[in-house]
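Can you keep this structure in mind? I'll have questions shortly.
What follows draws every value from the coordinates through simple rules; no lab data is involved. Being a predicted model, the structure only gives us computed values, none of them experimental. Heads up, the Cβs are rebuilt from the backbone with ideal geometry, glycines too, and the neighbour counts pull from every protein chain shown.
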Amino acid sequence: MAIASNITTVNAGAFDRIQAAFGALSERVAQYKLYRATINELQELSNRELADLGISRSMIKRLAYEAAYKN
């Protein structure tokens, strides 16, 4: 009976690791989608609108990165 108990524990541990890996992958995909959406939205603004916000075009990628990955 101890062997069956150990196998169940190993299977549960493996399942937890797989579930954690999929959770981490899902989080990374969500972060990337936010990054791309932020870039796309900021690039659609005119130079005047960006200037009103205090943003230059050269800052867009950095701001998108901070929005997606620095939370």
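Of all residues in the range 29-56, count the ones that are within 21 Å of Tyr69 (Cα to Cα) and of a type in the set (Lys, Arg).
2
Now, a different point. State which residue pairs qualify: first residue of a type in the set (Gly, Ala, Ser) and inside the range 22-50, second residue surrounded by 12 or more Cβ atoms within 10 Å (Cβ to Cβ) in any location, beta carbons under 9 Å apart, and separation of 6 or more residues or different chains.
Ala30/Ala68; Ala37/Ala64; Ala37/Ala68
Out of the range 51-71, which residues are outside any helix (DSSP H, G or I) and more than 18 Å from the chain's Cα centre (by Cα)?
First, the residues of the range 51-71 that are outside any helix (DSSP H, G or I): 54-56, 70-71.
Once the filter is applied, which keeps residues that are outside any helix (DSSP H, G or I) and more than 18 Å from the chain's Cα centre (by Cα), the range 51-71 yields Gly54, Ile55, Ser56.
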